[in-house]
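Below is one structure, written out as structure tokens, with a few remarks after it.
Coordinate-derived values only; no laboratory data. Here the structure is a predicted model, which means the values were calculated and not measured. When we count neighbours, we look across all protein chains shown, and the Cβ atoms used for this are built from the backbone with ideal geometry, even at glycine.
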Amino acid sequence: MVNAVPRRIEDVEEAMTAFVTARFLQQPFFQTLLEGRWDPAFLRYFASQYAHYSAHFPRVLGAAIAAMKPRDAWWIPLADNLWDEAGRGKPGASHAALYRTFWISVDASAKDWCEDPAQWPRISPAVEKAVAAFLEFFRSARPLEAMAAVGFGSEFFAGEVMGTIARGLKHPAYQSRGGIDTRFWDLHAERDEPRHYALCREVLLTHASEEDWPHLLAIGQHIAETEARMYGDLFKEGQGHR
């Protein structure tokens, strides 16, 4: 079915699952993580660069919201996602604050400067290119295309990808060095991403026709490929930090 023309949302989901397995989980970035082969220098590099990616994600969501129709049913699901990024208004509960618990557990020196992005290590070409590509896509996307980009191109598989990162970081090879805080990754994998995808899925089911699914799958794979390439490029860049 994954090679057939999709006619239902379930077909798109099946195709995206196969795509993510091939383009994310089988690449060296994830395989070496799961095998416990990252050294402290690369762990610190990854933590600093994902900090940039995480910090820019609200901008990406905002761009997607800007592409939506001015109707509650279209923009509220994405606004709900954005509200999660803000910790749903609870002081100290933002995803940025939660991410810092991970970052500091990887690099204790980050405690002194991680709250000030001006002091962060410079954003890498891999992350900068990915963020720019996402923002450029939403600049001209139609509402249904933007929803597919967020839904199929990110939220559908983000829980699995972030759960894989969490599982990898729990490897004894990393934890024995002093312990890595994986709450940021666990929260996304177990709670946030499945709920965010469910909200996007409802909009897609309501407004997409049978003829739309091939195009929406192509968009999902295009956006997902951009993220997969970011991980691959980060892995290559990080070799110089070993």
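Among the conditions (1) farther than 24 Å from L25 by Cα; (2) under 17 Å from the mean Cα position of the chain (by Cα); (3) of a type in the set (G, A, S), the only one that S209 does not satisfy is (2). Of all residues in the stretch 138-184 being assigned to a helix (DSSP H, G or I) and of a type in the set (K, R), which is surrounded by the most Cβ atoms within 10 Å (Cβ to Cβ)? Per the stated criteria, the residue is R167.
Selection of first residues in the stretch 86-100 that are part of a loop (DSSP other than H, G, I, E, B) and of second residues that are polar (S, T, N, Q) and surrounded by 13 or more Cβ atoms within 10 Å (Cβ to Cβ), restricted to Cβ pairs under 7 Å at least 6 apart or on distinct chains, gives the following pairs, ordered by first then second residue: A86/S94. Scan the stretch 125-137 for residues that are surrounded by 17 or more Cβ atoms within 10 Å (Cβ to Cβ) and either more than 18 Å from Y231 (Cα to Cα) or in contact with a Leu (Cβ under 6 Å, 6 or more places away or on another chain) (or both) and the total you get is 2.
All conditions in (1) under 18 Å from A228 (Cα atoms); (2) surrounded by 15 or more Cβ atoms within 10 Å (Cβ to Cβ); (3) more than 12 Å from the chain's Cα centre (by Cα) hold for C114, with the sole exception of (1).
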